[in-house]
Amino acid sequence: MSLRVVLVAIALLCCGAMLWIVGYLALGGAPPAYFVLVVLALAVVATVAAVLVLLMRDRRETAGGPFALRSGAPAATAAAPDELDPATGVLSSPAFMDHLEATLRQGGGALLLIDATQFSVRRPHRQLASRDEALRLIAQTIRTSVRSDDLVGRTGADQFGVYLKGATDGVSAQVARRICESVENTIYLNEERTIGALSVNIGGAMTRPGLIEPYLRTARTMLGRAKRAGRGRFVVASLAQA
């Protein structure tokens, strides 16, 4: 039996009891004290349960609704092996652009460009093993921060792209924040075998069905703004700005 059914039953009982008490009083009598206490207790239980139901519903909505991650389900776009970037396991740049072009014909969403330049500036490119490991960890963190049918690809040496199908402004900002925070919380042993700090900046653009290039330009512009604001920042342009 669901909580909603229980609440309805309690509410009906309370209404019936209240009507009985009103009738009792109308006839000039006084209902038994224990009966009044039982009715009040039922009313309190119904009120508390209703508040809990509302809080749980609000929590599900703020958690992203249909964009909330499914527990234990890794976020990875179905792709052929030759479409994957061997170093990070996400879509290669050509494959990501091909999938993005096909997806944009079907509907709108949000395009995010994720830049790990803060990492590469502090760690020279000659230390390839450490650098590739950091990028692999960032890619893995991005994949686990989005849904399984969202697009995730490597779009540059230290840059990744994400396309959130059907996302709203609020959802895209929520996912961008989730990615930034998750990357910063990732434990990483750098080339000195000490814990290093990973961070990303994100620029995004809300999209409608159409061509890719205008949205890419807007996302790059927003990425520049995010990088100027400091580490771990994100800026997502609305449709009016794109």
### Message
Given R₀ = 35 Å, what would the calculated FRET efficiency be for Asp132 paired with Arg208, taking r from the Cβ atoms and rounding to 0.05?
### Response
0.45
### Query
Taking H as built 1.01 Å from N, whose amide H comes closer than 5 Å to the amide H of Phe234, not counting residues under 5 places away?
Ile202
### Message
Modelling each spin label as a point 7 Å along the Cα-to-Cβ direction, I'd like the Arg228/Arg177 distance in nm, to one decimal.
### Response
2.4
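Each reported figure results from applying straightforward, stated rules to the coordinates on display, with no laboratory input. Since the model is a prediction, treat every value here as computed from it, not as a measurement. Because the Cβ atoms are built from the backbone with ideal geometry, glycine has one as well, and the counts that use them run over all protein chains shown.
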